[in-house]
Amino acid sequence: KNIQDMIHLARGNGIKVAIFLQPVLGVGEKIPVGYEKQWIELNQSEISYRKLFYERARLMVKNISHSFEPKTEICVDDLSRAVKHEKVRVYTDSGHFNSRGNSVVAESMISSLLECSMFKDNGSLPKK
């Protein structure tokens, strides 16, 4: 309800809104390495709660994303699996990224914003 209220308020004031479900350690399908693996092994109950939360949050994000058109004003996307293909450590702790993780998530955010047509690539965006 709060997210929907925020979107309606922004729309009523001509403000574009982008909302992303971010990745966190243990729920984004990334194969953990080093510290990431150790943290997961030591925090199984936390991982269980996170998985349950993210299962529900992903459904909520999907439903909200599909309920607002046009996408040029509102961009709601699930980026929780953005780092799943990374083979190196991307987390500095269970929810914050190192520079590599930040870069991967930033690239995912840019792709999502482009897909939502919230801005256009005038050729100045970095290429992968």
- Message: So with the 1.4 Å probe, I'd like the accessible area per residue for region 8-128, rounded to whole Å².
- Response: 63
- Note on the structure: Computed on Cα atoms, Rg of the chain relative to 2.2 N^0.38 Å comes out at 1.16
- Whole-Hz ³J(HN,Hα) from phi, Karplus 6.51 cos²θ - 1.76 cosθ + 1.60, for region 84-100, glycine and proline x: 5, 8, 6, 9, 10, 5, 10, 9, 8, 8, 6, x, 10, 9, 7, 4, 5
- Query: In region 3-98, what percent of the accessible surface is made up of carbon and sulfur (1.4 Å probe, ligands and nucleic acids excluded)?
  - Reply: 56
- Simple SL model, points at 7 angstrom along Cα→Cβ for F68 and M6; separation in nm is 0.9
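Just to confirm a number: summing +1 for Lys and Arg and -1 for Asp and Glu over residues other than E29 whose beta-carbon lies under 9 angstrom from that of E29, what do you get?
On the way: positive: K30, R81, K84; negative: none.
Combined, the nearby Lys, Arg, Asp and Glu give +3.
The values are calculated or read from the model by the stated rules, or taken from the named source; none is laboratory data. Everything numeric here is computed off the predicted structure, so don't read it as measured data. Heads up, the Cβs are rebuilt from the backbone with ideal geometry, glycines too, and the neighbour counts pull from every protein chain shown. The area values use the complete protein model at the heavy-atom level, side chains included, leaving out ligands, DNA and RNA. Shrake-Rupley method; radii C 1.70, N 1.55, O 1.52, S 1.80 Å.
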